[in-house]
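This report refers to the structure that appears directly beneath it.
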Amino acid sequence: MTLTALLLVAAALIGIGLYGALSQQSFVMLMMGLELMLNGVLLAAVGFWSLAAGGAPAGQLLVIITMAVMAVEMAVGFALIAAVYRNRQADMTESLDTMKH
Amino acid sequence: MAMSLLGRFAARAPVPVFPAVGRDGEVRLDVLSLAPALRVVDSPRHASILLVSGDIRTADRDSLARVHDQLAHPRATLWWGTQPRADTGAALTVAAAESPETALRDLYRRLLTGGHTSETHWLADEPPNPWRGRGDHGQGGEGMMGGVPYGRMMPMPPTPDLRDGLALDVYTAQFGPFLPQLPPGLVLEITLQGDVIQSAAVVRPPFLPGRDASAPFDRVLHEATPVAAIERARAAHHLRCVARLLGILQLAPQAARCRRTALKIERGGSIDLAPLRKTLRRAGAFAAIPAGLGPIDAAWAAELGGPAARAADQARDRRETAPAYRNLDFRTLCQSGGDVRARFTQWLDEAEQALALARAAGDAAIEKGAPVETPWGHRAPPSVYRLTDMLPGLEWGEALLTIASFDAAAVCRMAPLGIENP
Amino acid sequence: MVFWVFSAVAVVAGWRVFCTDSMVRASFLLLVSFIAVGAIMLLLNAPYLGFATIFMMGVEMMVMALFMVMFMMNPAGLNPMMMVHQHRFSIAAGAAAFVGLAIAIFTTGFPHDPVAAGRPVIHDLGRELLGPSMLIFESAGVTLLATMVASVILSSRSGRFGAADEGSVPPPLEPGGEPAGRRPDDEGGGHAHHHH
Amino acid sequence: MIELLGLAAIGVIAVAAGLALQWLARADDHRVSEPQKVPFLGGGSPQVHAWQRYHVRYYSMTLLFIAFEMEMMFMYPWAVVYVAEGIKALVEMGMFLTILSIGILYGWREGIFRWQ
Amino acid sequence: MTLLIASWIAVLLFGAWCVAVLDNLALALIERRSAAGALTAPLYGAAALLRQQQNRTEAPDLLNWKLAPALYLGLAAAGVAVVPLAPGDILADLQAGIVLWGAVEALTVVVVFLHGWSANSMLALIGAYRYVAIGLPVMLLSMFVLIAAALPAESLAVSAIVESQRSLWNVVRQPLGLPLFLLLGLSLSFRGPFNYADSADLAGGTAAEVSGASRLLWEFARLAMLAAVAAMASTVFLGGYLGPVLPGPLWLLLKTAALLIVLVAASHLFARLSPARMLTLLWVVLLPLAFVDLLWAGVVAL
């Protein structure tokens, strides 16, 4: 288990996540893509912390902050989805085209 | 070898019975459920034997077949005090007056050790709608929401929710007549959004309390009947209603204790209900019923009569003026509130009072044909107030509590046919 | 070896998230991906972070599943479908991201400084939280409070100023058209879905 | 690593045993007939699949929960150094929890713990 | 190692049987009937379920349906793996043992939800969703009390928490912790007042459509989970293997049995609130109690 291998796995997760975030039509699936990208970030951060930074405590804190970002993103994201659905009964990104009019 | 050993072991387990309760089948099932060798279960999937107790309405035959077919193999049916289905061949029957306990044990043993073959299905072995091979993947559906994937349709179009306006899918289905937590016979068509009821309609009403010439309340029509017998029957009836409600509060052993007490009371035992009441209070049974759930107003209460009315502060009781009760210092008990908790308390209060009256009555009797206060209020005519008006907006468990807080006669009067059905 | 197993699980589960039809399966496949990453963290001498990832993500994916089922049509995927747009572009973007990152990984020299075997990593983290990074820790608290308040305001209907959707009508898809919204005969509000 | 091995071993054994039990017991099962597959509703037969856009009545609570649960991530490491850091740790965590409690109180006032 | 694993499997099986027997005894006591056959009934019942056909519904999520009970059992087993039998005698001496418990609780919610979801049946679905509503906030309580228990030990490892109780058991130092943690036991195995998943008003809830060996596994895992919680509670709050005269494992066994009696009694003695009211109770009453427990433990530990 080398850092390079680890980062490759993280890169794969980020790549798949990016694909998901760009391609999915529905909000919730789009958020899954974002989460998967953050998953890759988590893995890379722990890898750096463990194998390249000699266990500097700030590395662990970075992981926790990333998780906090995920939690915030999810909570606000879902709240927005609920609010949008309540008013427009839409759950697709494209249903919000009307905002442009 | 190993299998037969397992089978012999299995045959010694308590018999898992799913009851399909028909007309007049409920009380005797309550008594039977106390037998230690049996276990009355809530879902046919958990049962090996379907016990049909009481006559099944013609309209319920399909439902019975459906429940029968839902039992897991090995399975068998026992008909208790009713005519078996015509097409079932050599059906096992037990007369209404006998206890089927031994028959059930014996049937279960033979079922597991190979002496009785597992019953086959009664309904046709085909999916509800033809679906195979249709749609993009042969799943029977088309597009996103079309077709009949795997034989059932996709959800109904959403309607705005009663509570928070979020328009999500609704689920409409008929519940009953054999759902253990509904009164026997009651079939409701319920529309759910999540676990909250959006609308409900009665498809078939529950069974009215039967007229049984040997039961005290009907005996009084033909002959003079001791007050003690009448009051004991009242206490037993109320305790069985309490037991039904306790089951929904997840208090099964306390419910069994209520049923056991009811049986002892009917057999003439002199019982103090205070310890039972204390147990229930400590279990939080009163507190667990939400305050103000299922309220009825004065007019509604007056129309229903009986304990439900007295729970809504309507002090009407025939016993106040009945000559037989004159020396017994009878006083009408009432609750304020008229909600589920009040009805629950009223049943317990009246059961206690009835036992005190039975003790005090000595050999006083009610003469033949005299009007007597039944334990369940008026039996007829249909009320203008609807059970189904109470249910929308309630969570599933709360709705069941509300229904269980009325006795079968009250539910019957609030559930007439043909009005809600468009 | 164990690392490769978990890596494979993480990547394959992450990929399957976007292939499955059932929303519940998709959420929990993502959870499987997170659990595999958590397990790798355990292998990397991060005992606390590994289990913490599993429990945090267990909860988050549970909530994710609730919302997926709540707002997606055909949540169980009984009618298989593929709801994607700009598909080729997305695949290209994902692949480009992976290749770009991989090149960066291979061309960058990383210092080799593994965490010492007996290092009390959980203590380290605790001291960091209460010492140098105290401000981060407390501002995380405020951020979370803001998140809580915002999500409650946005998601619940009732509030001080009445129902959130009072008087609201879904806007039309075209100016002057009928109010938008789902009708059963009108799949997804009139979008072309790619059925595969 | 050895401690993880024990955990993994017992977890895998339990899950495998569970799956094996269900698989072995399948051997002499009857075929499941179509009427047997109908979901139990006490005798009724549903028109539609139960899988639907299920109206979760507590969705606001789950969002509050996600944000609140994040604080656990900070609390575990805090607990480890608590005695060493003393009163300072108590005050800092007290502040942190107070801030988050305001969120809970707000949510309660908005009625998110009721069924929506 | 092999011996330890074998003994854990024995503990799970024996523990589940004990809980089932205790259940029967409690029911007989409350119903005021004789308790004849309480010892053997669980075994015969298990044989009966093994002989029963395993049901399936129309278009279920079969993979998850079969996986859910097995995973649930796996979680119970994993939870019990961090409990030390005697000093140094522990299957998984994790540095972050109580965080593992957090993960077990979170994944239990997922597994129970999957069990109810995958049958594609309305009553099971309601049970699954109800369980999530209650299971999530209950988890917070247990995490707070476990963190409180970790304060005096200055470690997240379960073995260190036991050793920190040599002078005084945590149940004395932080008296609110044990009852709050026992609530978790009732919730994780959804019994009595916390039976929101498999309740009677849903005709068995998530298990309403399940029969045969799958159901046996599910019910067994519920019992094992309760036993696991009791073992963990006796370790964290009652000093685990610590005790005079008798050998350590025996002390652990005795304490676990005592807690199991309490848990089983509580699961039959109390009525269940409606889910919405329980939710309010958890957030508004019990969570502040957990805060108090933490504060109390913090002040005592200084």
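Every read-out reported here was derived from the displayed coordinates using simple, explicitly stated rules and does not represent laboratory data. Predicted model, so just to flag it, every value in this text is computed and none were measured. So basically every Cβ, Gly included, is an ideal-geometry build from the backbone, and we count neighbours across all protein chains shown.
Points to keep in mind about this one:
- Using alpha-carbon coordinates, inclination of helix B:340-361 to the longest axis of chain B, degrees: 50 degrees
- Helix axis angle, E:62-80 relative to chain E longest principal axis, alpha carbon, degrees: 20 degrees
- Rounded to the nearest 500, the 222 nm mean residue ellipticity of chain B from helices alone is -10000 deg cm²/dmol, with -39,500 (n - 2.57) taken per DSSP H run of at least 4 residues.
- Rg to Rh, two decimals, where the range B:156-199 supplies the alpha carbon set and Rh follows Kirkwood: 1.07
- Distance from the alpha carbon centroid of the range A:1-40 to that of the range E:194-222 works out to 37 angstrom.
- 5 Å binning of all Cα-Cα separations within the range D:2-109, expressed as whole percents from 0 upward: 2, 8, 9, 9, 8, 9, 12, 12, 11, 8, 6, 4, 2, 0
- The range B:27-40 - phi-based ³J(HN,Hα) in whole Hz, Karplus 6.51/-1.76/1.60, Gly and Pro as x: 5, 5, 5, 4, 5, 5, 5, 7, 5, x, 7, 10, 9, 7
- Residues B:CYS334, B:CYS412 arranged by fewest to most Cβ contacts within 10 Å: B:CYS334, B:CYS412
- For B:THR159, the residues whose amide H sits under 5 Å from its own are B:LEU168, B:VAL170, ignoring neighbours fewer than 5 places away on the same chain, with H placed 1.01 Å from N.
- Local net charge near D:GLU3, Cβ-Cβ under 15 Å (Lys/Arg +1, Asp/Glu -1): -2
- Charge tally around B:ALA103: other residues with Cβ under 13 Å, Lys/Arg +1 each, Asp/Glu -1 each, net 0.
- Remark: B:LYS278, D:LYS37 ranked as B:LYS278, D:LYS37, counting other beta-carbon atoms within 10 Å and listing the fewest first.
- Each label was represented as a point 7 Å from its Cα along the Cα-to-Cβ direction; for D:ILE2 and B:THR58 these points are 7.9 nm apart.
- Across the range D:54-111, the volume of the C-alpha convex hull divided among the residues equals 70 Å³ per residue.
- Using θ = phi - 60° and Karplus 6.51 cos²θ - 1.76 cosθ + 1.60, couplings along the range A:59-74 (whole Hz; Gly, Pro as x): x, 5, 4, 4, 4, 5, 5, 4, 5, 4, 4, 4, 4, 5, 4, 5
- Whole-number percent relative contact order across chain B, with pairs defined as alpha carbons under 8 Å at least 6 apart: 14 percent
- 3J(HN,Hα) along the range B:390-403: 7, 7, x, x, 8, 6, 3, x, 5, 5, 5, 4, 4, 5 Hz, from the Karplus curve 6.51 cos²θ - 1.76 cosθ + 1.60 with θ = phi - 60°, whole Hz, x for Gly and Pro.
- Look at the Cα gyration tensor of the range B:216-378: its axes a ≥ b ≥ c give a/c of at least 1.5 with a/b at or below b/c, and that counts as oblate.
- Ellipsoid semi-axes in whole angstrom, largest first, where each is sqrt(5λ) of the Cα gyration tensor of the protein assembly as shown: 51, 34, 30
- Around C:ALA36: net Lys/Arg minus Asp/Glu count, Cβ-Cβ under 15 Å: 0
- Dividing the summed -39500 (n - 2.57) terms of all DSSP H runs of n ≥ 4 by the residue count of chain E sets its mean residue ellipticity at 222 nm at -22500 deg cm²/dmol.
- Centre separation in Å (Cα based) which lies between the range C:41-119 and the range B:35-68: 49 Å
- With Cα atoms, 0 to 90° folded angle of helix D:2-25 axis to chain D main axis: 20 degrees
- Taking N as its residue count, the alpha carbon Rg of chain E over 2.2 N^0.38 Å: 0.98
- Normalised by residue number, the volume inside the convex hull of the Cα atoms of chain B is 173 Å³ per residue.
- With neighbour counts taken as other beta-carbon atoms within 10 Å, the residues B:ARG57, B:ARG28 rank, fewest first, as B:ARG57, B:ARG28.
- Reciprocal mean inverse distance between Cα atoms of the range A:3-100 - Kirkwood radius, Å: 14.8 Å
- Cα centroids of the range E:229-302 and the range A:51-77: 32 Å apart.
- Interchain or long-range residues, amide H under 5 Å from B:LEU92's placed H: B:TRP79
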